[in-house]
Amino acid sequence: MTLSSPTTRLLQVRSVYAEPEALASPRGQQVLSRFPDAEIVEVPSHWQIPELHGNAGKVDRWVRVKTETLVLGVKKSLSARPNGRSSDFIAPSTSNGCAMACAYCYVPRRKGYANPITVFTNIDKITKYLRGHVSRQGVKPEPDQVDPHAWVYDIGENSDCSVDALVSDNVADLVATFRELPTAKASFATKFVNRDLLGYDPQGRTRVRFSLMPDDDAKLLDIRTSSISERIAAIDDFVEAGYEVHLNLSPVVLREGWERDWADLLQRLDGELGAPFKEQAACEIIMLTHNQDLHEVNLGWHPKAEDVLWRPELQQAKRSQTGMWNVRYRNNHKREGVQRLQDLIAANTPWLRVRYAF
């Protein structure tokens with residue numbers, strides 16, 4: 001594989017930490033073939049890399065660690081967790097971590113500082129498990145806000161699948177798996193345009209949720225991602241390639257001028273996107289969630305982001321579904337923000353159905 005410019009921009013891998021089983025696997029060897037000059041460091045577990053995970057001294061190298069490091073592991077526990085928001089189930093991870101560096105991202109809190117991409121190499125076992133899980137569900141008994149017919153599985157809860165596809169064929173294998181499952185769909189959110197995915201032939205069985213926000217927010221917060229213009233320009237192409245395409249209006253950050261900028265973005269979507277997309281479009285509204293620990297980390301590498309992310313006068317602590325204490329907008333501010341954005345959608349993009357707001 002010849003590395004493309006998007007790959008080299010995000011990934012200049014110098015070190016690969018690898019579990020021996022993952023290193024010996026065909027998928028592990030594929031990853032190494034894409035980064036042949038990387039030093040290989042064998043580790044007993046992808047969770048146990050002291051110089052990488054939980055190392056506060058890495059904060060000043062936050063982006064460099066994401067750029068220069070990969071981890072290869074084996075996914076030990078396979079389960080599909082019920083969800084009910086973006087999807088019916090969260091699929092077993094085929095990776096975690098990310099080469100991008102969005103300032104509000106919760107994923108770094110899961111596995112230490114920076115959290116570069118970890119690729120799980122036992123993809124055959126994961127796809128086999130998914131086929132069995134889908135089979136056991138049978139036909140979806142009734143429509144819900146997730147999907148009227150299919151059981152939807154989020155395949156990218158702790159990563160961005162468009163970036164993962166630069167590293168291995170795991171995402172291609174997942175799309176191919178769901179292509180053969182008439183009662184289910186894969187789904188993932190992305191902030192990165194990887195046009196190689198246009199050749200995966202999903203046949204309507206994979207839903208891509210492009211995350212969008214106003215340009216000013218993205219330039220400050222969405223570090224190392226594709227620009228908002230690139231994401232918008234890709235939407236019609238992904239529909240034509242056979243994907244179901246939804247939008248994540250996420251995260252909605254309450255700051256001076258936010259309503260004006262969201263209205264401008266919605267007007268742009270109405271003017272630039274084609275009828276095939278609009279006929280199947282839906283969106284999620286996700287208000288900003290932040291975290292005290294991530295706030296402290298950001299102060300060490302991107303303090304300007306905290307001017308808009310850390311607003312104690314508007315925020316309150318809230319325990320997440322995973323048991324972590326996060327910071328969200330106070331109930332009245334959140335309620336007013338959601339309602340105002342829904343009003344803007346109704347006025348500027350009346351074709352855009354809101355699946356849920358959180």
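List of remarks:
- In the stretch 79-86 there is at least one residue matching the filter, namely being buried (at least 20 other Cβ atoms within 10 Å of the Cβ) and either modelled with pLDDT under 95 or under 15 Å from Thr118 (Cα atoms) (or both).
- Residues in the stretch 281-318 that are surrounded by 13 or more Cβ atoms within 10 Å (Cβ to Cβ) and either of a type in the set (A, V, I, L, M) or touching a Gly at 6+ places or on another chain (Cβ under 7 Å) (or both): 13 in all.
- Restricting the stretch 260-280 to residues that are under 27 Å from Arg335 (Cβ atoms) and free of Cβ contacts under 8 Å to residues at least 60 places away in the same chain, the residue that is surrounded by the most Cβ atoms within 10 Å (Cβ to Cβ): Leu265
- Matching residues, the stretch 336-358, being basic (Lys, Arg) and part of a helix (DSSP H, G or I): Arg340
- Checked against (1) more than 27 Å from Ser211 (Cα to Cα); (2) at pLDDT 95 or above, Thr94 meets all criteria but (1).
- Flag if Val208 is in contact (Cβ under 8 Å) with a residue 60 or more places away in the chain, of a type outside the set (S, T, N, Q) and either in a helix (DSSP H, G or I) or farther than 21 Å from Ser33 by Cβ (or both): no
- Number of the exception - Glu39 against (1) at pLDDT 95 or above; (2) surrounded by 15 or more Cβ atoms within 10 Å (Cβ to Cβ): (2)
- Residues (under 20 Å from Thr183 (Cβ atoms) and assigned to a loop (DSSP other than H, G, I, E, B)) located in the stretch 147-163: Asp147, Pro148, His149, Ala150, Ile155
- Members of the stretch 6-42 that are of a type in the set (S, T, N, Q) and either closer than 17 Å to Ala165 by Cβ or in contact (Cβ under 8 Å) with a residue 60 or more places away in the chain (or both): Thr7, Thr8, Ser25, Gln30, Ser33
- Helices (runs of 4 or more DSSP H) wholly inside the stretch 257-335 that include at least 1 residues being touching a Pro at 6+ places or on another chain (Cβ under 8 Å): 258-272, 292-301
The values are calculated or read from the model by the stated rules, or taken from the named source; none is laboratory data. Owing to the predicted nature of the structure, the values given are computational and were not obtained by experimental measurement. Counting neighbours? That spans all protein chains shown, and the Cβs are built from the backbone with ideal geometry, glycine included.
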